[in-house]
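The values are calculated or read from the model by the stated rules, or taken from the named source; none is laboratory data. Bear in mind that the values here come from a model prediction, so they are computed numbers and not experimental data. Quick reminder, even Gly has a Cβ in these numbers, built from the backbone with ideal geometry, and neighbours come from all protein chains shown. Heavy atoms of the whole protein, side chains included, go into the accessibility calculation; ligands, DNA and RNA do not. Shrake-Rupley method; radii C 1.70, N 1.55, O 1.52, S 1.80 Å.
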Amino acid sequence: NAGVTQTPKFQVLKTGQSMTLQCAQDMNHEYMSWYRQDPGMGLRLIHYSVGAGITDQGEVPNGYNVSRSTTEDFPLRLLSAAPSQTSVYFCASSYTLGNNEQFFGPGTRLTVL
Amino acid sequence: GQQVMQIPQYQHVQEGEDFTTYCNSSTTLSNIQWYKQRPGGHPVFLIQLVKSGEVKKQKRLTFQFGEAKKNSSLHITATQTTDVGTYFCARLIQGAQKLVFGQGTRLTINP
C-alpha cells in the first residue's frame, strides 16, 4: 500500500492563480480531510468528506473547494490564490472518523507570491 | 468550546531530562488522540485515549486522560534526540465528524 499520497510536494503560485492539490489513498478509507498548518497555529481543518459524494466544511473553508467523486481521491482546489494561503497542506484519511487514527500524507508546501 | 489548548508551546530540554505536554479543554472530551510530527515531516498517530483516568504507556512515553475527561498529558521519560518534534493532541467532535487539533508543543533537545 502506498498509503496517502499528495502531489505536488512544492508549489509556488502568483496571487490570483488557481490550482488543485491532489490527494489519494489506497486503503479504502471512507473519511478524508484537508488541513493547513501554519507556524504556531497547529493543524486547522479546511474540508472533510465522510464518503464518496459527501463533503463538508471545516474550520477554515473560505477560498477552497473540494469534491469526492471516488473513495480514493479528494482534491483540494484553490480558486484564486492569496498570500494568506501560503501554508503547508496535509491530506489525511481513516476508515471512519470515530475512534480511528488518521493517516497523513507527506504534505504540499505552497507559497503564494 | 471545541478547541483544545496545549501547553507549553515550546520546550527545550537536555537529553536525558523528562518532558511533559498538556492538553486542556473547557468541555468534556469523548476521546483524545496524540500525534507526533518530526521536523519537515507529517503527523503520525501515537495513541488514542477513551476512558476516564486512562493511562497508557509506549516505552518511555506515558499518556494520561483526566478523570473528568477534560485534560490529557503526554510524558516522556529520559528524552532522546529521536524524540525531537512537535506533539499534537486532537479531540473528536463526534456529531460534527471533525478532528480538532491543539496548537502543538514543539520539543527540542540539547544532546
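Quick look at the values:
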{"read-out": "Most fluctuating residue given options B:G66, B:G41, B:G53, as computed from a GNM of chain B linking Cα atoms under 10 Å", "value": "B:G41"}
{"read-out": "Convex hull projection area averaged over all views, the stretch B:39-82, Cα basis, nm²", "value": "3.8"}
{"read-out": "Mean-position separation - Cα centroids, the stretch A:67-113 and the stretch A:9-29, in angstrom", "value": "7"}
{"read-out": "Cβ-based net charge around B:N24, under 12 Å, with every Lys or Arg adding one and every Asp or Glu removing one", "value": "+3"}
{"read-out": "Most mobile listed residue (A:V60, A:V50, A:V88) in chain A, GNM with C-alpha springs under 10 Å", "value": "A:V60"}
{"read-out": "J(HN,Hα) series, the stretch A:86-94, from Karplus relation 6.51 cos²θ - 1.76 cosθ + 1.60, nearest Hz, glycine and proline x", "value": "4, 5, 9, 10, 10, 9, 9, 8, 7"}
{"read-out": "Peptide A:55-64 - average C-beta neighbours from other chains (10 Å radius)", "value": "1"}
{"read-out": "Interface size B-A, as summed buried accessible area [1.4 Å probe, Å², nearest 100]", "value": "1700"}
{"read-out": "Additional length obtainable on full extension of the chain from A:S18 to A:R77, 0.36 nm per residue less Cα span", "value": "20.5 nm"}
{"read-out": "Alpha carbon centroid spacing (whole Å) that separates the stretch B:91-109 from the stretch B:7-50", "value": "9"}
{"read-out": "Rg followed by Dmax, in Å, when the stretch A:48-113 is reduced to its Cα trace", "value": "12.8, 39"}
{"read-out": "Where B:S30, A:S80 fall by accessible area, highest first, once all protein chains stay in place (1.4 Å)", "value": "A:S80, B:S30"}
{"read-out": "Theoretical gain in end-to-end length, B:T81 to B:R38 [0.36 nm per residue, Cα-Cα removed]", "value": "14.4 nm"}
{"read-out": "Kirkwood hydrodynamic radius (C-alpha pairs) into Stokes-Einstein, the protein assembly as shown, 25 °C and 0.890 mPa s, D in µm²/s", "value": "137"}
{"read-out": "Mean projected area (nm²) of the alpha-carbon convex hull when chain B is viewed from all directions", "value": "6.5"}
{"read-out": "Exposure rank, largest accessible area first [B:I109, B:I32; 1.4 Å]", "value": "B:I109, B:I32"}
{"read-out": "Estimated inter-spin distance, A:N62 and B:H12, nm [label 7 Å along Cα→Cβ]", "value": "3.7"}
{"read-out": "At 0.890 mPa s and 25 °C, Stokes diffusion of chain A via Kirkwood alpha-carbon radius, µm² per second", "value": "177"}
{"read-out": "Whole-Hz ³J(HN,Hα) from phi, Karplus 6.51 cos²θ - 1.76 cosθ + 1.60, for the stretch B:4-19, glycine and proline x", "value": "10, 9, 10, 9, x, 6, 9, 8, 10, 10, 7, 4, x, 7, 8, 9"}
